[in-house]
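K.L.:
My questions all concern the structure below.
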Amino acid sequence: MRKPVQMVQSRSTYNVYQLEMTHQEGTNFCYVIIDKESRKSAVIDPAWNLDLITRLLQTERGELVSILLTHSHYDHVNLASPLVMMYGCQVYISATEKEYYQFQSPHLNMVEDLETLIVGNTGISCFSTPGHTIGSMCFLLDGCLFSGDTLFIEGCGICTTTGGSPEDMFDSLQRIKLVVPPETCVYPGHSYGKEPGYPLKYLYQNNIYMLIENKRQFIDFRMRPGQKYW
């Protein structure tokens with residue numbers, strides 16, 4: 001049985017904690033990155049269960065300095081403002097996402113593609129991956145990719161919401177294949193049967209959206225009638 005909070009990665013400079021956030025609308029995964037030396041911390045896509053985040057930070061002596069948002073949908077951002085009020089931390093979202101959807105949050109910072117954020121001694125690369133929304137962004141660390149609703153272990157995000165685009169999604173997935181090392185572990189915003197944390201090379205062989213190399217075929221399949229959320 002999956003634990004609501006568990007450490008899923010321990011790398012040279014940081015640890016990653018996976019938080020399963022359950023709500024009547026569904027289940028999300030939120031991730032907390034804690035720099036080992038400084039204890040400075042970042043939370044990715046905080047939503048639904050505030051106590052899980054605050055208890056983890058207290059237990060692990062984490063100092064929350066950054067909130068990283070993969071996109072602006074409510075089920076990924078609804079705890080951003082409460083956390084800012086509690087910790088005085090900064091919030092980061094892609095400039096395109098903020099401007100297109102007019103997203104608002106206290107202490108909001110806009111970031112660009114390939115910009116690097118520093119949390120203690122840990123670097124986090126901002127990686128533009130539109131498709132689910134116009135300004136979706138993944139966050140890439142040494143050994144980990146936090147992919148929001150761009151890439152799931154089983155599939156990819158829907159492209160039918162405002163600002164979504166199957167053409168952009170195809171290009172984003174191809175870019176991930178080109179740039180991200182295949183040993184990198186993928187941590188998405190949702191699970192549809194598979195646990196987060198599979199290496200990207202597993203998805204190359206088992207995720208249909210990563211297997212389709214023709215853009216027209218990809219678009220037709222992603223936009224098929226009765227399409228699933230993944």
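Let's see how each residue does on (1) touching a strand residue (DSSP E or B) at 6+ places or on another chain (Cβ under 6 Å); (2) over 20 Å from Asn109 (Cβ atoms):
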{"site": "Ser41", "(1), (2)": "yes, no"}
{"site": "Ala47", "(1), (2)": "yes, no"}
{"site": "Asp51", "(1), (2)": "no, yes"}
{"site": "Arg61", "(1), (2)": "no, yes"}
{"site": "Ser66", "(1), (2)": "yes, no"}
{"site": "Ser72", "(1), (2)": "no, no"}
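K.L.:
What's the number of the condition Lys194 fails, among (1) surrounded by 14 or more Cβ atoms within 10 Å (Cβ to Cβ); (2) under 23 Å from Glu167 (Cβ atoms)?
P.N.:
The single condition Lys194 does not satisfy is (2).
K.L.:
Filter the stretch 1-26 for residues that are under 17 Å from the mean Cα position of the chain (by Cα), open to solvent by 60 Å² or more (accessible area, probe 1.4 Å) and of a type outside the set (Ser, Thr, Tyr) and give the result.
P.N.:
Met7
K.L.:
Check every one of the strands (runs of 3 or more DSSP E) wholly within the stretch 106-183 and list those with 1 or more residues that are closer than 20 Å to Ile34 by Cβ.
P.N.:
116-119, 122-128, 137-141, 144-148
K.L.:
Taking Glu183, is it open to solvent by 10 Å² or more (accessible area, probe 1.4 Å) and touching a strand residue (DSSP E or B) at 6+ places or on another chain (Cβ under 9 Å)? Steps first, answer last, please.
P.N.:
Details: open to solvent by 10 Å² or more (accessible area, probe 1.4 Å): yes; touching a strand residue (DSSP E or B) at 6+ places or on another chain (Cβ under 9 Å): yes.
Taking the combined requirement at face value, the residue satisfies it.
K.L.:
For the subset of the stretch 90-102 comprising residues that are touching a Leu at 6+ places or on another chain (Cβ under 8 Å) and over 14 Å from Ile44 (Cα atoms), which member is most open to solvent (accessible area, probe 1.4 Å)?
P.N.:
Lys98
The values are calculated or read from the model by the stated rules, or taken from the named source; none is laboratory data. In this text the structure is predicted, and so the values were computed from the model without any measurement. Heads up, the Cβs are rebuilt from the backbone with ideal geometry, glycines too, and the neighbour counts pull from every protein chain shown. Ligands, DNA and RNA are excluded from the accessible area calculation, which covers all protein heavy atoms including side chains. Shrake-Rupley method; radii C 1.70, N 1.55, O 1.52, S 1.80 Å.
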